[in-house]
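**Student:** Sharing a structure with you now.
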Amino acid sequence: MAVTPELLSSFPLFKSLPGKLLNQLAGQSTLKKFARRGIVLNAGVREEHMCFLFEGRLQGVDFTIDGREVGLYFCRTWRLLRRTRAF
């Protein structure tokens, strides 16, 4: 599935942008699919990209001192992924 202007315009952030700009953004965008429990972003790593979730949900996790995984929050579809308290 390619990133289309229609897909981008479904996000509130892009809804009011003109078609020409949406076409440019779509041309510079990539679509990535991650496996269940796959790592999308790592804490403390500076990213050069903006990520949008348009299907499914993500869970932010951290690890305790003794190595146990702890779920911190969920990100649901159509949410902009940005720096949060966990990152």
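**Student:** Restricting to the range 25-55, count the residues that are without any contact (Cβ under 8 Å) to a residue 12 or more places away in the chain and not aliphatic (A, V, I, L, M).
**Tutor:** Here the count works out to 13.
**Student:** Quick check on residue 41: is it assigned to a loop (DSSP other than H, G, I, E, B), surrounded by 10 or more Cβ atoms within 10 Å (Cβ to Cβ) and assigned by TED's automatic domain parsing to the domain that holds residue 69? Outline the logic, then answer.
**Tutor:** On the way: assigned to a loop (DSSP other than H, G, I, E, B): yes; surrounded by 10 or more Cβ atoms within 10 Å (Cβ to Cβ): yes; assigned by TED's automatic domain parsing to the domain that holds residue 69: yes.
So residue 41 fits the description; yes.
**Student:** Just one of 17, 22 is modelled with pLDDT of 80 or more and not in a loop (DSSP other than H, G, I, E, B); which is it?
**Tutor:** 22
**Student:** Which residues, taken from the range 46-68, are farther than 29 Å from residue 5 by Cα and either of a type in the set (Phe, Trp, Tyr) or surrounded by fewer than 10 Cβ atoms within 10 Å (Cβ to Cβ) (or both)?
**Tutor:** Within the range 46-68, 63, 64, 65, 66, 67, 68 qualify.
The values are calculated or read from the model by the stated rules, or taken from the named source; none is laboratory data. Computed from a prediction, not measured in an experiment: that's the story for all the values here. Glycine also receives a Cβ, built like all others from the backbone with ideal geometry; neighbour counts cover every protein chain displayed.
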